[in-house]
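Q: Before I ask anything, here is the structure I am working with.
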Amino acid sequence: MPTIVVEVMPKPEILDPQGKAIANALPHLGLTGFTGVRQGKRFELTVEGEVTEEVLDSARKAAAEMLSNPVIEDVVSVAVAEDQQTA
Amino acid sequence: MTQNPAAQPGNGEPELTDEPQFSIDTVDDAAATPQTELPWAELGLKENEYTSIGEILGRRPTAAELAMYSVMWAEHCSYKSSKVHLRQFGDKVTDRMKQDLMVGIGENAGVTDLGDGWAVTFKIESHNSPSFVEPYQGAATGIGGIVRDIISMGARPVAVMDPLRFGDIDHADTHRVLPGVVSGIGGYGNSLGLPNIGGEVVFDSAYQGNPLVNALAVGVMRHEDLRLANASGVGNRVVLFGARTGGDGIGGASILSSESFDESKPSKRPAVQVGDPFAEKVLIESCLELFHNELVEGIQDLGAAGISCATSELASNGEGGMHVELTNVLLRDPTLTPGEILMSESQERMMAVVTPENAAAFEAVMSRWNVEYSWLGEVTDTERLVIDWDGETIVDVDPRTVAHDGPVYERPYQRPSAQDALQADSFRASAGGENLPATAEDLGAAVVELMSSPNMADKSWITNQFDRFVGGNTALSQPDDAGVIRVDEESGLGVGLSTDGNSRYTYLDPYAGAQLALAESYRNVATSGAVPMAVSDCLNFGSPEDPDVMWQFSEAVRGLSDACQQLEVPVTGGNVSLYNQTAGQPIPPTPIVAVMGRFDDVSRRTPSGFQRWADGQAIYLLGTTADELDGSEYARLRHHLGGTPPQVDLAAEKTLGEILINASRDGMIDSAHDLSQGGLAAALAEMSLRFGVGSRTSIDQVCERDGVDPFTALFSESQTRAVVALPRSEELRFTDMTTARGFPALRLGVVDAESGGIEVSGPFEGSSFGIGIDELKESWSSVIPSRFGAPQDPA
């Protein structure tokens, strides 16, 4: 069954404490060279049947109204996953 | 961990390489181009205010100066509408009230001497608008902000409390706001390791679109650790430490908190701040180490108005001069303009003044706690606050004109024309006041209905999401009358705190309503056994530009300050939150009053519930009951709000307080609960619900002595009353004490641990009714979970 992937990120000007904590932890593992980390969210919406424009629209609506907090987050993409056909 | 922002990559934040895309407006530019029009109106300033900035400076302000004035002169920071009234709190303080006051109004928080070398500081503040816009982060950063006020006095924060007001429990927006606010408070407070020991939750459709999220924090310190916000000592260095400065919260104080919501105004930057409790925890510990090693001369937290506020307040409270290089500020977003940096309300930041000799030691503490810092400049004797951008002066002002000499308005106020009609509309004469319960069956059903209403219902769904016991010093917390925290682990010295405010009373009569808020808070603290010492208040009102609202405000301040004087408890600080209105509809006047009291030994505290081991103990009612149902919870059940609130008798309140405190100290009583919303019926029900221990009481004598009917005896909200339970061996000693003080006390009945029911007899048809505690608990405790479901993980 096809899957729609929704990606959400904190708005660039908003503090991201989780990303900051990860960035601070990376050097402890010897992983240097990263100047910043920001952490977002990925959602997989499984669809029964074909992904029509209508289905994508309702995924976009879900992304804007339910999966993200528009005050502090941006929806960066709503797309059909290419090779992810598992339920 | 660097002084130079260019020397090290950003601490976890993306390092954008774009050069700032703005031109710098210097003081020289301002002098050269007097005609340049600046966007003062967009920054929330009024024309007369913009003109007066020009007069103060003798030229047009620079863009950066305008940014500073606009946030510092906003209502939220300048108190320009409330100042003329708030003076009464200072004017009415007597020498006796000052006795234990180490720091009064005006500093970040007031400080009270607790004895044995201990001092306590506490303050309550509002975070209403941010919590409406983004409930989780708004409520979380409300806790963060008030906790930093406590740290900046030199104290270790030990507990928080949250008085909350939401709209109708069944309204969709309440379901958006409440879960976010509750998990925000829990998420931040729990992560900091601070117990949340009390507060209140009220549902009222009058708060629809304007929920109130107030936050109180309390901290303790040794006397020698007291710190003040001032920059003294010419040549001392100014340092900013904690989180980096980003674009969050720009204009929060000026636009968001100082204007009514207006959907048509888009904002360029989000006015929402995101909190990081773990950064705050490290900030607390590093500050306490700085204090302990005496490494800072002055310190100020960054809250509303950010760097604008910190630099101008530190400078004007000290010797008057400061010179700062703004490009030294560590940024999360390098595209910020100087004005935005000055206005940013990024969380978890502090500013301090350090002597050059201590600079290395200061840096060592910072690196030990892994806190970023940057040296911004130094204290000067020029009496000017000078801020440079890359060597060019962009701000050159007298700091007092920014921080203290803002505009002061004598806003017009008048008693609303509808006030007389409102007060004439008593509950008894209304449709809701007809056919009041009079039989055993109806009275019993009314008690169950009252206790199952949203405002009287069990709030543990909310309070269970807050950690009440972390730290191991919590002696009492919700749902007891007051939150109690042990300060000294050896002696048991501690404090009790309560917050109260009944907007229904205040709406009917703001003068009396504000006094009743204080009286209830005072009574709650005394009921727990603590001696009331000091007050902090958060005054939540509508727009000061509305003369009706301004009348409510002025009456409430007059009432509260008079009552503080009579009860001899000084106001040590607090906060005014105006413009709480949506679409022209102001919230009901809501002064929230917090009282802090002292315990010699918190093990003497009096809990509110009947104890399981206390079978057969005598139950006494203290105080008298009059027909006072206007504004009551029972009237709310009948959708009525009119008439006049209960009588205030502060002298009697003081006597009742002394009785309860002495009874606690001498170990005479084992439980005590004050009478407030819902009257005697609610008090008896709550005392039984606490531990599932029943009672058998009679209201015959109450009805006879006070000349009231059984319904009134149960549901009237007459003040200055409490119910206590005591061993029969203490009855004589206790009644001797009440008689000696001329305070009315009546024996109502006994604690009945076996019955599992609340049995009340009296002069009504059927002569007695009984309510099973299990059934009552079922309906009382299901009200909130049935609306909001399983509590979410407060992560």
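Read-outs throughout are calculated quantities, based only on the coordinates presented, and are distinct from any laboratory measurement. What you see is a predicted model; the values in this text were computed from it and never measured. Here the Cβ positions follow ideal geometry from the backbone for every residue, glycine too, while neighbour counts run over all protein chains shown.
Q: Projecting each Cα onto the charge dipole of region A:3-80 (Lys/Arg +1, Asp/Glu -1 at the beta carbon, about the Cα centre), which of A:THR46, A:VAL5, A:ILE72 comes out farthest on the positive side?
A: Projecting each Cα onto the dipole axis, the largest value belongs to A:ILE72.
Q: Could you tally the net charge around B:ALA438, taking each other residue with its Cβ under 9 Å from the Cβ of B:ALA438, Lys/Arg +1 and Asp/Glu -1?
A: -3
Q: Same structure again: Pairing the Cα long axis of helix B:47-57 with the longest principal axis of chain B, what angle in degrees results, from 0 to 90 and rounded to the nearest 10?
A: 50 degrees
Q: Now a separate question. Just to verify a number: FRET efficiency for A:VAL76 and B:GLU392, C-beta to C-beta distance, R0 = 51 Å, to 0.05?
A: So the FRET efficiency works out to roughly 0.85.
Q: Then there is this: Cα atoms only, region B:292-373: Rg and Dmax in Å?
A: 13.3, 38
Q: Still on this structure: Over chain B, what is the mean sequence separation of C-alpha contacts under 8 Å (at least six apart), divided by residue count, expressed as relative contact order in percent?
A: Once divided by the residue count of chain B, the mean separation gives 15 percent.
Q: Which listed residue (B:VAL602, B:GLY559, B:ASN575) has the Cα farthest towards the positive end of the charge dipole for region B:539-612, taking +1 on Lys and Arg C-beta and -1 on Asp and Glu C-beta about the Cα centre?
A: B:VAL602
Q: If the convex hull of the alpha-carbon atoms of chain B is projected onto planes in all directions, what is the mean projected area in square nanometres?
A: 32.4 nm²
Q: What does the structure give for B:549-559 when I average, per residue, the other chain Cβ atoms found within 10 Å of the residue Cβ?
A: For this peptide, the per-residue mean of nearby foreign Cβ atoms is 0.
Q: Next question. Count, for each residue of A:17-26, the Cβ atoms from other chains sitting within 10 Å of its Cβ, then give me the mean as a whole number.
A: Neighbouring Cβ atoms belonging to other protein chains average 4 per residue here.
Q: Another one. Relative contact order for region B:136-231: what percent, with Cα pairs under 8 Å and sequence separation of 6 or more?
A: Taking the mean separation of contacting Cα pairs over the length of region B:136-231, I get 49 percent.
Q: Another question, then. Considering the dipole of chain B built from charges on the beta carbon (Lys and Arg +1, Asp and Glu -1) around the Cα centre, which of B:ILE284, B:GLY117, B:PRO591 is farthest to its positive end?
A: Most positive-ward Cα: B:GLY117.
Q: I need B:ASP736, B:ASP388, B:ASP405 ordered by Cβ neighbour count within 10 Å, fewest first.
A: Taking fewest neighbouring Cβ atoms as first place, the list is B:ASP736, B:ASP405, B:ASP388.
Q: Sticking with this structure for a sec: Got a sec? How would B:MET343, A:MET1 order by Cβ neighbour count within 10 Å, fewest to most?
A: Lowest to highest Cβ neighbour count: A:MET1, B:MET343.
Q: With +1 on each Lys and Arg Cβ and -1 on each Asp and Glu Cβ, how big is the dipole of the protein assembly as shown about its Cα centre, in debye rounded to the nearest 20?
A: In total the dipole reaches around 1400 debye.
Q: How far is helix B:679-691 tilted off the main Cα axis of chain B, in degrees rounded to 10, range 0 to 90?
A: So the helix axis and the longest Cα principal axis differ by about 80 degrees.
Q: Could you work out, for the protein assembly as shown, what percent of all Cα-Cα pairs fall into each 10 Å distance bin, beginning at 0 Å and stopping at the bin that holds the largest distance?
A: Histogramming the protein assembly as shown at 10 Å steps yields 2, 12, 22, 24, 19, 12, 7, 2, 0 percent.
Q: Moving on to the next point. What is the Å³ per residue value for the convex hull set by the Cα atoms of region A:3-80?
A: In region A:3-80, the Cα convex hull volume per residue is 103 Å³.
Q: Moving to a separate point now. Which value at 222 nm does chain B reach when only helices count, each DSSP H run of 4 or more adding -39,500 (n - 2.57), with the total divided by all residues and rounded to the nearest 500 deg cm²/dmol?
A: Rounded to the nearest 500, it is -10500 deg cm²/dmol.
Q: Would you mind pulling out the separation of the Cα centroids of region A:33-47 and region B:28-94, in Å?
A: Each part reduced to its Cα centre gives a spacing of 43 Å.
Q: Which FRET efficiency value, to the nearest 0.05, do you get for B:ALA429 and B:GLU731 by plugging their Cβ-Cβ distance into 1/(1 + (r/R0)^6) with R0 = 51 Å?
A: For B:ALA429 and B:GLU731, the calculated efficiency is 0.80.
Q: Right, another one. By the scheme Lys and Arg +1, Asp and Glu -1, what is the net charge of all other residues having a beta-carbon under 11 Å from that of B:ALA140?
A: Neighbourhood net charge equals -3.
Q: Against the longest principal axis of chain B, how steep is helix B:731-740, in degrees 0 to 90 to the nearest 10, with axes from Cα atoms?
A: With both axes taken from Cα atoms, the answer is about 70 degrees.
Q: Fewest to most neighbouring Cβ within 10 Å: what's the order for B:ARG486, B:ARG523, B:ARG237?
A: Listing B:ARG486, B:ARG523, B:ARG237 from fewest to most nearby Cβ atoms yields B:ARG237, B:ARG486, B:ARG523.
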